[in-house]
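Before any comments, here is the structure.
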Amino acid sequence: MKVVVDTNKCQDHGQCVFAAPDVFRLDEAGRLAYVSGPDESLRADVEDAADVCPLQAITLED
Amino acid sequence: MGGLRAAEQLRAAGYTGLITVVGEEPRMPYNRPPLSKEVLAGRQSFDSLAFRPRASVADVKWVLGTAVVSADVGRRVVGLADGSELTFDGLVVATGVRPRRLRCPGLAARRRTLRTLADARVLRAELTRPGVRVVVAGAGFIGCEVAATAVALGAAEVTVVDPEPLPMLRPLGELTARELLRRHEWHGVRFALGTAVTAFDDRGVVLADGRRLNADVVVEAVGSVPNTDWLAGNGLDLDDGVRTDGLLRAGGLPYLVAVGDVARFPNARYDGVPRRVEHWSIAGDSAKRAARTLAAHLAGTEPDPEPFAPLPSFWSDHHDFRLQCFGAPALGLDDVRVLEGEAAGDFVVGYHRGGRLVGVVALGGPAVTAAAARHRSALLKQPAFTA
Ligand SMILES: Cc1cc2nc3c(=O)[nH]c(=O)nc-3n(C[C@H](O)[C@H](O)[C@H](O)COP(=O)(O)OP(=O)(O)OC[C@H]3O[C@@H](n4cnc5c(N)ncnc54)[C@H](O)[C@@H]3O)c2cc1C
Ligand code: SF4
């Protein structure tokens, strides 16, 4: 599973962090950091994160 | 949005039968919040707004550009604008809201609202005309966002009119509203507060206090009206949206659910009073819960009895700052405390009821989102309260 965040769209809302804390986090400056190749067991969480991103910046590839 | 999410969540809940989504707009579902922000400002394209539907809804039938005009809930049939009818085993109401209009007549050619992508295209063309003078009726979230974007686009004059003494006062309370006013004024937005638009003349608007404001564009952002007309005549409670129970069912029927802006649902996290919540996050959360309720019925099983208890989440972008809300600030306006920072910079405010934290609002740069998020877990831990 490959996670891509469109950094031009992302506005650091952090909603993805609540949905999938094992994949996304906000750093000290409030900027998004994420794991681009998370474990398959996290798929449902990542789908939820993609849903709740206000800018619809998260894509799940394969 | 709620329609698409409900279809996806029906599939996620195991429903494999036919799904038809009927939508009045001639396009696939898209993300509305950027219409007053990134897209209106020109930082994001109109074409980038469409949601990417999950693969699970590839077989859903989309009937677009066609409104549902009637429903016979007992016979389980809806009538479409083209005269056709669709029968159903389950119905999801996700028709959202439309902008409320000012009642006074006149100046029709310059009066605008902002709800759809088509509205945003028209408004963007007008706000980018050199020297444009803009009056925004309504100092709510959408009115203030449009005002901020208009200033950023270089409008010559932007004035927000509202009968309340401060912008966004009712949802956020005085402390936060006062600071929002200060920041908007600092960025060049003018306010005519404690007065209302009472008439239009051929140059602009006339206010209740007798003042006149010239306007090339008037944006009416004075609230919304739920789209429930098509459900009339079924004995449903349609007073300010579709009244639902805690599982998002309407009219006591197991096959009728409502989601998103149009749903007036009790939130078990708070006092259980049914309210409509026009937050983007609620459209997704309610679609998920309603789909589980409906899928259980369609599968012939009992729905999960756990009532819907979402933590509302809302954001709003103005000039160079963001407002991030969690919970229900409006339920705790009598006891508002600054939790972090101070009003002039980045700060976090807590709203309390009966001494208990019910809402958090953070105002400032990107770092406040993370600050608000730290308080979000405290909100989640609060037990439900009874009124
Ligand atoms: C300009 C703007 C800015 C916003 N900014 C924010 C923000 O910053 N943060 C936030 O949390 N929320 C924001 N929102 C609110 C958010 O967009 C809504 O809460 C969300 O879109 C609600 O989804 P919904 O599915 O209930 O309604 P909608 O997305 O409005 O979908 C309802 C659909 O039903 C269609 N319809 C209506 N009547 C019929 C009918 N009779 N037959 C068939 N179809 C019909 C409509 O055409 C529409 O396409 C904003 C909204 C707007 C307009
Ligand atoms: S939810 Fe979207 S906008 Fe927010 S941090 Fe995650 S990717 Fe960025």
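Any read-out appearing in this document is the output of simple, stated calculations on the displayed coordinates, not a laboratory observation. Just so it is clear, the model here is predicted, and its values are computed rather than measured. Counting neighbours? That spans all protein chains shown, and the Cβs are built from the backbone with ideal geometry, glycine included.
What to note about this one:
- B:L127 sits among other residues whose Cβ lies under 10 Å from its own Cβ, and their net charge, with Lys and Arg +1 and Asp and Glu -1, is +1.
- Burial ordering of A:V46, B:V63, B:V273, fewest other beta-carbon atoms within 10 Å first: B:V273, B:V63, A:V46
- Relative contact order [Cα under 8 Å, 6+ residues apart], the stretch A:2-61, whole percent: 48
- Net +/- balance of residues flanking B:H279 in space, Cβ distance below 13 Å, scoring K and R +1, D and E -1: 0
- With Cα atoms defining each centre, the stretch A:47-62 and the stretch B:158-182 are spaced 33 Å apart in the structure.
- Relative to the dominant Cα principal axis of chain A, helix A:43-52 is inclined by about 40°.
- Nonlocal amide H pairs with B:V93, under 5 Å, H built at 1.01 Å: B:V257, B:A258, B:V259
- Placing +1 on each Lys and Arg Cβ and -1 on each Asp and Glu Cβ, with no other charges, gives the protein assembly as shown a dipole about its Cα centre of roughly 780 debye.
- Formal net charge of residues neighbouring B:A384 (Cβ-Cβ distance under 13 Å; K, R +1; D, E -1): +2
- Mean residue ellipticity (222 nm) of chain B, computed from DSSP H runs ≥ 4 via -39,500 (n - 2.57), nearest 500: -7000 deg cm²/dmol
- Pairs of Cα atoms nearer than 8 Å and 6+ residues apart set the relative contact order; for the stretch B:63-110 it is 21 percent.
- Calculated from backbone phi, Karplus (6.51, -1.76, 1.60) coupling profile of the stretch B:210-221 in Hz, x at Gly/Pro: x, 5, 10, 10, 6, 8, 8, 9, 10, 9, 8, 10
- B:F326, B:F265, B:F141 arranged by Cβ crowding within 10 Å, fewest neighbours leading: B:F141, B:F326, B:F265
- Under Karplus coefficients 6.51, -1.76 and 1.60, residue-wise ³J(HN,Hα) of the stretch B:88-94 in Hz, glycine/proline x: 8, 9, x, 10, 9, 8, 9
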